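First comes the structure, then the notes that go with it.
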Ligand code: ADP
Ligand code: MG
């Protein structure tokens with residue numbers, strides 16, 4: 001029932017449209033029901049009068065018919081046009097909400113969920129919901145009106161015949177409901193399988209460069225074929241179920257006509273029914289059974305829409321783990337002092353990735369993290385902008401607990417340069433401006449100059465308006481990295497995180513970029529992760545992170561004197 005109310009909510013902004021939709025559905029039902037009624041009137045009243053009455057009466061009835069059908073046409077037109085538009089509007093609203101939710105979900109959700117599946121929910125699930133949203137109420141309403149209306153009018157003609165039809169209708173409905181149960185699981189399976197197709201497609205397209213470099217097209221094709229075949233299988237199962245469903249409905253129609261004719265004949269023979277009444281009654285059978293068929297067919301649409309909506313609700317209800325707490329404050333003007341106090345962290349339940357990390361960086365100073373891969377350096381960095389929340393301990397910026405300030409203001413004060421750089425589809429200018437969307441052209445150029453990329457940009461035919469290609473494929477690694485540095489210059493945060501920013505680059509690009517990074521770090525509090533130790537010798541403090549803990553700490557000179565892991569690393573890199 002909860003789900004039902006959630007669904008109704010989406011009709012609220014379209015109350016008026018929805019109301020007219022139902023009025024139009026009523027009109028259609030009235031017209032459909034009036035046709036046999038007019039015939040009934042003609043056979044019972046007109047035909048007992050003289051020829052003149054018959055002629056004028058028939059002309060009147062014909063005129064009424066034309067008017068009624070004109071009204072029916074207009075109403076049907078309204079239902080089809082505006083009903084669908086209403087459905088599309090609801091779909092669009094749900095898509096917007098879902099997108100917003102996707103944006104809000106924390107990193108931990110993305111760690112566990114497949115983006116292909118998420119896309120599939122955004123597109124195909126929602127379309128089914130929209131179809132249901134439109135056709136649902138109106139079809140059900142129209143069907144019920146016609147069934148009840150026809151049943152009453154038939155009862156006025158003959159009670160026995162109506163009772164027989166009623167029993168057949170009950171049989172037909174229970175058949176429908178039975179089949180319905182079967183279909184529900186099949187449609188859920190359909191959804192999952194199409195999401196599988198989407199996810200496999202998305203994965204291999206996103207990784208197309210890796211695929212080709214390993215010449216693994218055939219393997220990818222084979223993998224795709226598996227999910228594609230599974231989808232076909234699932235679809236086949238649904239059409240099999242639908243076949244017996246729809247054909248089964250036909251049997252009941254035949255059964256109805258047969259019983260009415262047989263019993264009607266008996267009644268006529270015994271003078272309990274007029275032949276004209278039987279004819280009019282037979283006309284009602286169609287009107288009576290059509291909507292039942294419609295209801296039965298509607299169950300398919302209902303199942304699809306319902307499963308889609310359940311999936312929608314499931315995501316909408318996923319808790320957002322990291323969000324502003326109530327009365328979170330703006331972090332205000334940040335000086336840049338950072339304190340980690342006994343910080344422990346686990347991505348999954350028990351497995352601690354960080355244990356008791358404590359350190360302090362004064363405003364404007366630099367701390368360096370070094371150590372073997374997998375030690376937890378990146379994780380330490382991710383906790384500061386609250387990509388994940390600490391499991392134990394606290395983190396402070398300027399002595400304010402980062403959990404007490406708004407996420408937006410916290411993240412505004414931190415700039416991150418990582419090893420992998422993401423470029424959005426668009427121009428160089430828009431990619432730099434991502435750091436501060438309201439920046440002027442002048443600011444963007446200044447940032448590009450600071451990042452040592454301005455000269456390259458203006459050497460391109462389209463300059464700042466050059467397209468970077470999807471994910472920046474038209475740029476070299478070093479160029480992308482410099483653009484990402486320009487972004488951070490533009491953002492101008494007080495705190496800087498450099499997580500292996502130059503690791504993916506060749507020596508020459510590295511040296512070039514190191515200059516910009518040094519300039520970027522100037523006067524900002526900086527956490528730098530580097531495996532090339534040359535870049536961090538001047539850090540105010542160096543932490544060696546190994547096996548999830550700080551194992552050594554001090555300045556370069558102190559650590560060298562200490563003669564531990566750091567000193568060994570250093571000698572390995574410089575005095576082989
Ligand atoms: P480093 O940056 O020092 O190489 P990381 O902080 O990336 O190390 O990783 C520390 C540990 O946390 C590793 O064992 C890694 O497998 C694990 N880890 C990293 N990211 C995730 C994640 N998103 N989900 C689960 N475990 C993770
Ligand atoms: Mg790392």
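Structural remarks
- Residue check for residue 515: out of contact with any helix residue (DSSP H, G or I) (no Cβ under 8 Å at 6 or more places or on another chain), more than 16 Å from ligand 2 (Cβ to nearest atom) and on the phi < 0 side of the Ramachandran plot: yes
- Residues that are part of a strand (DSSP E or B), outside the structural domain of residue 549 (by TED's automatic domain parsing), away from ligand 2 (no atom under 16 Å from the Cβ) and within 30 Å of the chain's Cα centre (by Cα) are absent from the range 394-409 altogether.
- Near pairs, Cβ below 6 angstrom, 6+ apart or cross-chain, from the range 369-390 (in contact (Cβ under 8 Å) with a residue 40 or more places away in the chain) to any residue that is near ligand 1 (Cβ under 9 Å from one of its atoms) and in a loop (DSSP other than H, G, I, E, B): 376/548; 382/388
- Per-region count, the range 368-387, residues part of a loop (DSSP other than H, G, I, E, B) and either away from ligand 1 (no atom under 16 Å from the Cβ) or in contact with a strand residue (DSSP E or B) (Cβ under 8 Å, 6 or more places away or on another chain) (or both): 6
- Selection status of residue 68, more than 28 Å from the chain's Cα centre (by Cα), at pLDDT below 90 and in the same structural domain as residue 291 (by TED's automatic domain parsing): no
- Among the candidates 435, 415, residue that is assigned to a strand (DSSP E or B), within 26 Å of residue 502 (Cα to Cα) and more than 16 Å from ligand 1 (Cβ to nearest atom): 415
- Positions within the range 257-304 being closer than 17 Å to residue 162 by Cβ, surrounded by fewer than 21 Cβ atoms within 10 Å (Cβ to Cβ) and within 52 Å of the chain's Cα centre (by Cα), in sequence order: 257, 258, 259, 282, 283, 286, 287, 290
- Residue check for residue 513: in contact (Cβ under 8 Å) with a residue 12 or more places away in the chain, outside the structural domain of residue 384 (by TED's automatic domain parsing) and buried (at least 21 other Cβ atoms within 10 Å of the Cβ): no
- One residue from 85, 79, 54 being touching a helix residue (DSSP H, G or I) at 6+ places or on another chain (Cβ under 6 Å) and exposed (fewer than 15 other Cβ atoms within 10 Å of the Cβ): 54
- In the range 191-222, the residue that is modelled with the highest pLDDT out of those that are surrounded by 14 or more Cβ atoms within 10 Å (Cβ to Cβ) and over 28 Å from residue 424 (Cβ atoms) is 193.
- Answer from 405, 417, 421, 390 - the residue that is touching a strand residue (DSSP E or B) at 6+ places or on another chain (Cβ under 8 Å) and closer than 19 Å to residue 447 by Cβ: 417
- Subset of the range 486-500 that is on the phi < 0 side of the Ramachandran plot and in contact with a strand residue (DSSP E or B) (Cβ under 6 Å, 6 or more places away or on another chain) - its residue that is farthest from ligand 2 (Cβ to nearest atom): 491
The values are calculated or read from the model by the stated rules, or taken from the named source; none is laboratory data. Given the structure is predicted, the values throughout are model-derived calculations rather than measurements. For neighbour counting, all protein chains shown are included, and Cβ atoms are generated from backbone atoms with ideal geometry for every residue, glycine included.
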